[in-house]
1. For the range A:43-133, what log10 I(q)/I(0) values come out of the Debye formula at q = 0.12, 0.20 1/Å, with one point per alpha carbon and no solvent?
2. Once the Cα atoms of helix B:32-43 and of chain B are each reduced to a long axis, what angle between those two axes, in degrees from 0 to 90 to the nearest 10, is obtained?
3. Would you work out the relative contact order for the range B:250-378, in percent, from Cα pairs under 8 angstrom that are 6 or more residues apart?
4. Which shape class, rounded, prolate or oblate, goes with the range A:22-289 when its Cα gyration tensor gives a ≥ b ≥ c as root eigenvalues, a/c under 1.5 marks rounded, and past that a/b bigger than b/c marks prolate?
5. Report, in degrees rounded to the nearest 10, the 0 to 90 angle that the Cα long axis of helix A:22-34 makes with the longest principal axis of chain A.
6. Sort A:48, B:78 so that the residue with the fewest other Cβ atoms within 10 Å of its own Cβ comes first and the one with the most comes last.
7. Given the C-alpha centroids of the range B:165-193 and the range A:82-149, what is the distance between them in whole angstrom?
8. Which three lengths, in whole Å and largest first, does the range A:201-279 cover when its Cα atoms are put on their principal axes?
């Protein structure tokens, strides 16, 4: 049987990701879709460490490490230079965690989206500041334990709707993706490569230490997130929504939550609250998918 | 060709002549005219460049870092709050060894809000690794900007061109704008050996343990230090080609001076005028203008100051709990080489004018004592 | 960068580039020592779907003669391959004993 993705790797094994790291899968697939004619920039995030210390590196494409807030602005600068140097063909990508996208990086992200910079912006979302030891971020979902939202003060605020925020900039391409649906992620990137302008890809990347889940469950969790409607997969092209993977007969959210220790403390009522939040959001999105 | 231009426009013309390729800037008073004219120049096709209209100064420097890392010649300009916002990335760009050139219009830091000139903004950045050049005329601003690219691209250390808010940025002076062909002869295109290159991929800025971090800082320090003879040399080469030579310091009537003033920026122009006035009264006064601040020209400062009987440093800045920053550095340069007393004066903060009469009064005060009776003298403060 | 598996040794500042830049691949860092469990593929049941290969976060499964082969120098033993295998023909076996 033929593999569903190209064979060539653009990152080496031997990197420092934890066992079962969703962000590792996300990068591996993304690199296959983008190919060698790519330049990346990372802010401070897990991948800063995963890529390896001086003088080694995992990535086999050029990579510029940069400060936490600055991903989208740095990528804008790299792209401008490549244009001036006659290499507009090179794909320039910002690759940031949820902290560097939803929180500290959001200003630069909004600026680059508003200017419609011709770059990819990938957010691999493990739903907390994992690199610094599991502190809550704007991407942490309602109900989750983190070190700064301990069980008695678990996160009360819902996950920030970064996709709505970026879509409101009327960017040419936005997509959500999950490391359980690698062919879907691959296809989206290959499609987006043909588009000029700002391309935002939001990838759900489970984190065993941070989610208190088993390393072998990372892909399963990334699948359940889609099947329960917690993380629907869709594309938005200048305000037009289309669903990528339908989830008819959505599984109850409890199936997703029960595999993660970060939700262990939730009461039945709180799980029901989460179910309602997921249902409401999914209904809202369905209206958009139908073009209402 | 000679034109009457404001300091800010001298920067725009300089950036155009230097054929900058990527500009990323955010507006702030009193810098706005720099980027406004550059926008026009780019829109008219007179300069082929990408101008990224970023959403903050931090993003401006981030975009410059991205662009310079990819091998483009980059430019930005800012002032006070904007420079302060860039602080993290000033450390970054210098240690990443990127030859970015930036103009900073010296403006007082808030609060309270002030748009007038004061040097605390740029001097607060003196430990970041950036080279710093303090200019006294619009001609010098344009010339220094062009030289800075040559120097920065050789030593791989970024440069800051510093000029006073309004006194220089918005003051119109005659500037000889050189021909593009002459500048092209002087300044070759930027060819960055360590650029982000898909044909030779590397990762830049990765985690480095204590085993090797210090060695990289050692190399960076030496690069900044080694720039000093290069700065002198380029000042001479520029002079041969363009007819205007520059040095690290600018001495005026210092040779037989008993009292030497140490000044920078437009205050130095005023000081020279005051020196002539005081000389006519029979006083043996001279002025040493500090032009290059980083790398610090220790040897030149010693040479011109050690024979004086008194040194008066007039700082348009202050390091709270200590005294003026030029005074600090002058004292440290003289330590072990000369006993000459150094008087540390603070004047002109927040844009308060420094008149020739002000300098006259400073000199009169200093004449009354053999050596400083205070660590710090405040000029005309309503105490 | 060539996948050179050997480590680099610097002697002094003169060996260093002016700024921190990578000079070799992380393939010089065998992460196989991280494992407690090792995946073992029962090839008689393997249908060569390559699902194990596609999900490995570490690119530690090679395809050799159309079969997935675990690269034990780098496999961290996370168990995703075993969990996702549709034929359940990958067993996670304890290392060491």
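1. With one equal scatterer per Cα and no solvent, log10 I(q)/I(0) is -0.37, -0.96.
2. The angle comes out near 30 degrees.
3. Numbers: 214 pairs, mean separation 32.8, N = 129.
Computed over the range B:250-378, the figure is 25 percent.
4. prolate
5. Helix A:22-34 sits roughly 40 degrees off the main axis of chain A.
6. Working: A:48 20, B:78 27.
Listed from fewest to most nearby Cβ atoms, that is A:48, B:78.
7. Here the answer is 38 Å between Cα centres.
8. That gives 40, 28, 20 Å along the principal axes, largest extent first.
Bear in mind that the values in this text are calculations on the coordinates, not laboratory data. These figures come from a predicted structure and were not determined experimentally. Here Cβ is always computed from backbone atoms with ideal geometry, including for glycine, and neighbour counts include all displayed protein chains.
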